[in-house]
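Below is one structure, written out as structure tokens; the observations come after it.
The values are calculated or read from the model by the stated rules, or taken from the named source; none is laboratory data. Because the structure is a prediction, the values reported are computed rather than measured. Using ideal geometry, Cβ is built from the backbone for each residue, glycine included, and neighbour counts are taken over all protein chains shown.
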Amino acid sequence: MSQPSITHNRVELKYKVSPGHAASFMRALASHVSEHRFDGEGANRLPRARHYVTTVYFDTKSLDLYQAVRASEDNLKVRAREYYDVHPELLELATSQSQVVRYSPVLWVEVKGKHQGRTYKRRVGIPKADVGAFFEHGQVSQAMHALQKHHSKNSDEVIAELLELRSRYPEPLRPSCLVNYRRTAFQNPEGSVRITLDQRLACFAPAADLLERTRPLLREYLGSASYEEGAIILEVKLTQAAPSWLEELLQTARAERFAYSKFVTASEATYPGALRARAVSEH
């Protein structure tokens with residue numbers, strides 16, 4: 001049975017931690033909360049499978065969403081996520097990649113923002129083959145409608161919100177940058193405490209045919225990284241005050257709290273020249 005997820009009205013705290021301290025932190029964490037794994041369609045349920053996330057961030061050609069986040073005018077992000085699992089112990093036995101990698105043919109398209117210090121996230125599953133037409137033309141396919149029957153009750157509301165966002169900007173939303181990382185997640189049964197550790201995080205520029213590809217968005221298929229993060233990014237997501245045991249574990253792990261945005265990091269790594277030129281022109 002899957003646990004509830006925290007997708008709205010939560011506080012997010014972000015920390016940077018060294019790989020060595022992260023390992024001991026996770027061992028200690030396991031005595032308080034359980035590891036939480038993606039269990040949707042295509043999930044790899046074999047033990048010791050490694051869980052990865054590829055996130056595609058959408059923005060206009062003029063980077064309007066990035067500029068708004070940087071100016072603290074808005075914290076709105078539009079992104080699509082693909083989850084996949086890799087089982088390294090099958091590498092020597094496998095005769096095809098499909099035997100090693102499990103992934104879902106659905107992209108989770110999300111609207112994420114912050115209001116009065118609390119984060120909200122709304123998402124909808126869209127068949128991968130339909131994401132491009134949805135963002136480019138606002139096309140809602142029959143497959144999209146059929147998929148919603150098996151997912152969130154407010155899927156239609158999220159689709160309407162995404163369609164409104166398409167028309168909000170003078171330029172169309174398109175894939176702007178990507179991040180890929182290996183994620184280990186922990187969560188309590190009530191869903192009030194969620195802790196994620198992201199390692200081997202790297203940023204990439206999107207290929208022109210990104211949304212036309214049918215194969216999974218594996219790191220190996222994303223090209224050369226524009227940025228690689230050496231530290232592990234630890235995120236704490238809470239709907240209530242942090243428990244005392246968590247504060248003690250963070251202190252023991254020497255976790256350094258900092259302001260961090262994967263979207264901002266990836267945008268600046270992907271478009272350094274354009275952003276520098278804009279900064280000069282504005283001064």
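Values for this structure:
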{"item": "Residue satisfying condition, being crowded, with 19+ Cβ neighbours inside 10 Å and either of a type in the set (D, E, K, R) or modelled with pLDDT of 85 or more (or both), within set Lys114, Lys128", "result": "Lys128"}
{"item": "The listed residue being among the hydrophobic types (A, V, I, L, M, F, W, C) and more than 23 Å from Ser261 (Cα to Cα), out of Leu201, Leu211, Leu217", "result": "Leu211"}
{"item": "Residues located in the stretch 147-202, provided they are under 27 Å from Ala266 (Cα atoms), more than 18 Å from the chain's Cα centre (by Cα), part of a helix (DSSP H, G or I) and in contact (Cβ under 8 Å) with a residue 40 or more places away in the chain", "result": "Glu161, Leu165"}
{"item": "Test: residue in the stretch 166-186 that is farther than 26 Å from Thr214 by Cβ and basic (Lys, Arg)", "result": "yes"}
{"item": "Unmet criterion (only one of (1) hydroxyl-bearing (Ser, Thr, Tyr); (2) out of contact with any Phe, Trp or Tyr (no Cβ under 8 Å at 6 or more places or on another chain); (3) surrounded by 16 or more Cβ atoms within 10 Å (Cβ to Cβ)) for Ser176", "result": "(2)"}
{"item": "Only one of Ala225, Ala269, Ala259, Ala241 that is surrounded by 14 or more Cβ atoms within 10 Å (Cβ to Cβ), part of a loop (DSSP other than H, G, I, E, B) and over 15 Å from the mean Cα position of the chain (by Cα)", "result": "Ala225"}
{"item": "Among the candidates Pro206, Pro216, residue that is at pLDDT below 90 and closer than 30 Å to Pro19 by Cα", "result": "Pro216"}
{"item": "Members of the stretch 228-237 found to be surrounded by fewer than 20 Cβ atoms within 10 Å (Cβ to Cβ), touching a residue at least 60 places away in the same chain (Cβ under 8 Å) and either outside any strand (DSSP E or B) or among the β-branched types (Val, Ile, Thr) (or both), listed by number", "result": "Ala231"}
{"item": "Residues located in the stretch 37-75, provided they are surrounded by fewer than 18 Cβ atoms within 10 Å (Cβ to Cβ), assigned to a loop (DSSP other than H, G, I, E, B) and at pLDDT 90 or above", "result": "Thr60, Lys61, Ser62"}
{"item": "Candidates Leu217, Leu249 - the one that is at negative phi, part of a loop (DSSP other than H, G, I, E, B) and touching a residue at least 60 places away in the same chain (Cβ under 8 Å)", "result": "Leu217"}
